[in-house]
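See below for the structure under consideration.
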């Protein structure tokens, strides 16, 4: 079973997170930030991963620490779940529409954290979530999961649709990359 568990406590956040790669897309998510919970729920449905997440953060300051720390915890849990990369497809990509918005995500479960993020939002806020935190979440995830992510918002007008297209593209790209397709590590070096 490919699972990862993280309990992370700092002065800014208290997080308990369980990720199951071989799930059914079920989630129990509470970060205190409604729009972010909505994006993470969309991620679980579209990836097929199960996610249980309870986070208490210093939302009296703003949403930054909560969202970044959830990205750290989710990335760490993903790395734990994927510690044996034998047979995985390794690469995944998806181009996902959400009404007028279109986003793409390419992922390489490479052990080399890197991110390219090209998306702009017109509004400062998405509900109680700062739009700038979309990128910060993916940076935190990539750096702690040890994956390379290329996320591009190709176009769109509605910021909710833009963010949702990005999270769903991310989900479908990861879903493809974690599939078991053989019995060898997909690398000319013999290891990832």
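The values are calculated or read from the model by the stated rules, or taken from the named source; none is laboratory data. Here the structure is a predicted model, which means the values were calculated and not measured. Here Cβ is always computed from backbone atoms with ideal geometry, including for glycine, and neighbour counts include all displayed protein chains.
Name the one entry in 94, 169, 173 that is in a strand (DSSP E or B), in contact (Cβ under 8 Å) with a residue 24 or more places away in the chain, touching a strand residue (DSSP E or B) at 6+ places or on another chain (Cβ under 6 Å) and over 18 Å from residue 67 (Cβ atoms).
94
Answer with yes or no whether residue 150 is touching a strand residue (DSSP E or B) at 6+ places or on another chain (Cβ under 9 Å) and either in a loop (DSSP other than H, G, I, E, B) or under 21 Å from residue 38 (Cβ atoms) (or both).
Answer is no for this residue.
Taking the range 124-143 on its own, how many of its residues are under 15 Å from residue 167 (Cα atoms) and part of a loop (DSSP other than H, G, I, E, B)?
So the answer is 2.
Please give the number of the condition residue 104 fails out of (1) over 16 Å from residue 40 (Cβ atoms); (2) surrounded by 23 or more Cβ atoms within 10 Å (Cβ to Cβ); (3) in contact (Cβ under 8 Å) with a residue 60 or more places away in the chain; (4) touching a helix residue (DSSP H, G or I) at 6+ places or on another chain (Cβ under 7 Å).
Failing condition for residue 104: (2).
Please work out which residue is farthest from the chain's Cα centre (by Cα), limiting yourself to the range 57-81 and to residues that are assigned to a loop (DSSP other than H, G, I, E, B) and modelled with pLDDT of 95 or more.
Across the range 57-81, the extreme among qualifying residues is 58.
Residue-wise test of (1) out of contact with any strand residue (DSSP E or B) (no Cβ under 9 Å at 6 or more places or on another chain); (2) at pLDDT 95 or above.
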site: 101; (1), (2): no, yes
site: 122; (1), (2): yes, no
site: 127; (1), (2): yes, no
site: 134; (1), (2): no, yes
site: 141; (1), (2): no, yes
site: 144; (1), (2): yes, yes
site: 164; (1), (2): no, yes
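Residue check, residue 90 against (1) on the phi > 0 side of the Ramachandran plot; (2) surrounded by fewer than 18 Cβ atoms within 10 Å (Cβ to Cβ), all met but one. Which one?
Every condition holds for residue 90 apart from (2).
Hey, any hits in the range 27-44 for a residue that's more than 15 Å from residue 133 (Cα to Cα), modelled with pLDDT of 95 or more and surrounded by fewer than 16 Cβ atoms within 10 Å (Cβ to Cβ)?
Taking every residue of the range 27-44 in turn, at least one turns out to be more than 15 Å from residue 133 (Cα to Cα), modelled with pLDDT of 95 or more and surrounded by fewer than 16 Cβ atoms within 10 Å (Cβ to Cβ).
Could we say that residue 121 is more than 19 Å from residue 48 (Cβ to Cβ), touching a residue at least 40 places away in the same chain (Cβ under 8 Å), in a loop (DSSP other than H, G, I, E, B) and in contact with a helix residue (DSSP H, G or I) (Cβ under 9 Å, 6 or more places away or on another chain) here?
Answer is yes for this residue.
Would you check which residues across the range 12-25 are farther than 17 Å from residue 65 by Cα and under 15 Å from the mean Cα position of the chain (by Cα) and list them?
Of everything in the range 12-25, those that are farther than 17 Å from residue 65 by Cα and under 15 Å from the mean Cα position of the chain (by Cα) turn out to be 18, 19, 20, 21, 25.
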